[in-house]
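Please read the structure below before turning to the comments.
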Amino acid sequence: MKRWETIIIGGGLAGLTAALELTQNGVDVLVIEKNTYPKHKVCGEYLSGEVVPYLESMGIDLSDAVKIDTLEISSRSGKSLKTRLPLGGIGISRYALDQRMYMEAKATGADFKFSTVTKVEFENEEFIVHTVENEVLQAPVLIGAYGKRSNLDKNLGREFIKQRAPWLGVKSHYRYRGFDDNLVGVHSFDGGYGGLSKTESGLVNFCYLANYEIFKKYGDIETFNHRVVAENPRLKSLLEKGEPEFDKPISIAQVSFQKKMQVENHVLMCGDAAGLIHPLCGNGMAMAIHSGRIASQFIYRFLADQNFDRSAMELAYIQTWNQNFGKRLRWGRYLQDLILNPFMSNLAIRSLTQFDSITRAIIKRTHGKPIEIS
Ligand SMILES: Cc1cc2nc3c(=O)[nH]c(=O)nc-3n(C[C@H](O)[C@H](O)[C@H](O)COP(=O)(O)OP(=O)(O)OC[C@H]3O[C@@H](n4cnc5c(N)ncnc54)[C@H](O)[C@@H]3O)c2cc1C
């Protein structure tokens, strides 16, 4: 049976960050990813500035990304406010970002296997990982960085997977002249909201989250866009004047914002597998990257220091994860409730237009400080 010091399930942002951190510290790592790179993913592609210097320090080239410093929010009737983002961020496609991180992790020495993990077991202080090709792989440490929802959540008996998740994510890139480079927009419609921002390719990414109960009344994305999304004047303009780049939008169903455990059956969960923040906060990617880094630092210590045992590693990870992300997730929930309520979102936008400092204080609550570079 092949053995590594750490196996990472999922080569998205959390898994790739952990792979980079661990290999740079001499840990023998295998990443198992079900898709090959590069690949488009459902994501708003606005990356918070809190992780930009950190990623660059890890060797990721972000020089072509679009600098974003202004947020525009609009209610479904078109009432809007603009505010400067305290930290700002960049626009970069997942197609480019994941590919660049993969290339760097590979160059640093991480092993990659392109396959789907079907089952994990923990016996005698070792994880046994099964792939769809019936391969069996082994490691003393396992990171679950497999995203929002996976077959593995059932295998691990996770609580959140037993509940229905009513959210659908849809994304497409558009040629859309006149859209400001420095702007990220969050625009609401009945039962959902969409983000607009430019990526390194010059195209505008439009990604939205919609309540499935409302969506299914319209049957397909085109009708829903036309009848519901386009109610918001900002989104109507994009849908009428923009030229879609994809043959058809990509989508994911059953997006869950339920609370999750950060450690399940001794697997350290990172990124969305540990907890997903509401996308309107624009920092799920930053949290995924940050959590991959935090987990790696404790794993490195566990592998190197006999006095830091598995339970100490797990406890340290859970505590540090909650210190960093617990409050943000709560604020994300309040904000999502506000923007989805037609009356409240109009009222809030009208009031916040007059108090820019309050808007910025709210944004700060959903974001962290920039990651310190060691
Ligand atoms: C609609 C929407 C808009 C968003 N917009 C933004 C935004 O603008 N800014 C922002 O910061 N965040 C945004 N987010 C959140 C962000 O996309 C996620 O937080 C981020 O992608 C999490 O990264 P991850 O590494 O945890 O998961 P992922 O990037 O999803 O990676 C998980 C990987 O695991 C692989 N995998 C899954 N199961 C298995 C298996 N069994 N075996 C092997 N591999 C497996 C998958 O193929 C995938 O590559 C948005 C989310 C949604 C839903």
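Here Lys217 meets each of (1) under 30 Å from Ala274 (Cβ atoms); (2) without any contact (Cβ under 8 Å) to a residue 40 or more places away in the chain; (3) not in a strand (DSSP E or B) with one exception, condition (1).
The residues in the stretch 173-203 that are surrounded by fewer than 24 Cβ atoms within 10 Å (Cβ to Cβ), assigned to a strand (DSSP E or B) and either touching a His at 6+ places or on another chain (Cβ under 7 Å) or not hydrophobic (A, V, I, L, M, F, W, C) (or both) can be counted, and the count is 3. Taken over the stretch 184-211, residues that are of a type in the set (A, V, I, L, M, F, W, C) and more than 13 Å from the ligand (Cβ to nearest atom) amount to 2. Taken across the stretch 121-142, residues that are within 11 Å of the ligand (Cβ to nearest atom), closer than 16 Å to Ala273 by Cα and either of a type in the set (A, V, I, L, M) or out of contact with any Cys (no Cβ under 8 Å at 6 or more places or on another chain) (or both) do not occur at all.
Taking the criterion of being part of a helix (DSSP H, G or I), within 16 Å of the ligand (Cβ to nearest atom) and modelled with pLDDT under 95, would at least one residue in the stretch 343-358 satisfy it? No; the residues of the stretch 343-358 include none that is part of a helix (DSSP H, G or I), within 16 Å of the ligand (Cβ to nearest atom) and modelled with pLDDT under 95. Of the candidates Asn124, Asn205, Asn182, Asn151, the single residue that is modelled with pLDDT under 95 and among the polar types (S, T, N, Q) is Asn151. Quick check, is Ala253 in contact with a Leu (Cβ under 7 Å, 6 or more places away or on another chain) and part of a strand (DSSP E or B)? Yes, satisfied. For the stretch 220-264, filtered to residues that are within 22 Å of His173 (Cα to Cα) and small (Gly, Ala, Ser), the residue that is surrounded by the fewest Cβ atoms within 10 Å (Cβ to Cβ) is Ala253.
Here Val263 meets each of (1) more than 17 Å from Asn155 (Cα to Cα); (2) in contact with a helix residue (DSSP H, G or I) (Cβ under 7 Å, 6 or more places away or on another chain); (3) hydrophobic (A, V, I, L, M, F, W, C) with one exception, condition (1). For the stretch 95-146, a tally of residues being surrounded by 22 or more Cβ atoms within 10 Å (Cβ to Cβ) and part of a loop (DSSP other than H, G, I, E, B) returns 3. Exactly one residue among Phe206, Phe215 is more than 20 Å from the chain's Cα centre (by Cα) and among the hydrophobic types (A, V, I, L, M, F, W, C), and that residue is Phe215.
Residue check: Phe160 meets all listed conditions (1) within 15 Å of the ligand (Cβ to nearest atom); (2) within 30 Å of Val27 (Cα to Cα) but one, namely (2).
How many of the residues in the stretch 61-94 are acidic (Asp, Glu) and either within 11 Å of the ligand (Cβ to nearest atom) or assigned to a loop (DSSP other than H, G, I, E, B) (or both)? Full working, then the answer.
Our first condition is that a residue be acidic (Asp, Glu); within the stretch 61-94, this holds for 61, 64, 69, 72.
Cutting the leftovers down to either within 11 Å of the ligand (Cβ to nearest atom) or assigned to a loop (DSSP other than H, G, I, E, B) (or both) gives us 61, 64.
Summing the residues that are acidic (Asp, Glu) and either within 11 Å of the ligand (Cβ to nearest atom) or assigned to a loop (DSSP other than H, G, I, E, B) (or both) in the stretch 61-94 gives 2.
Within the stretch 259-297, can you find the residues that are part of a loop (DSSP other than H, G, I, E, B) and within 14 Å of the ligand (Cβ to nearest atom)? Result: Lys260, Gln262, Cys270, Ala274, Gly275, Leu276, Ile277, His278, Gly282, Asn283.
Each row is one residue, and each column tells you yes or no for (1) surrounded by fewer than 24 Cβ atoms within 10 Å (Cβ to Cβ); (2) free of Cβ contacts under 8 Å to residues at least 40 places away in the same chain; (3) under 30 Å from Val229 (Cα atoms).
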| site | (1), (2), (3) |
| --- | --- |
| Thr23 | yes, no, no |
| Lys39 | yes, no, yes |
| Leu47 | no, no, yes |
| Ala65 | yes, no, yes |
| Ser77 | yes, no, yes |
| Ser80 | yes, no, yes |
| Thr83 | yes, no, yes |
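The values are calculated or read from the model by the stated rules, or taken from the named source; none is laboratory data. Because the structure is predicted, anything quoted here is derived from the model rather than measured. A quick note on method: Cβ atoms are made from the backbone with ideal geometry, for glycine too, and the neighbour counts reach across all protein chains shown.
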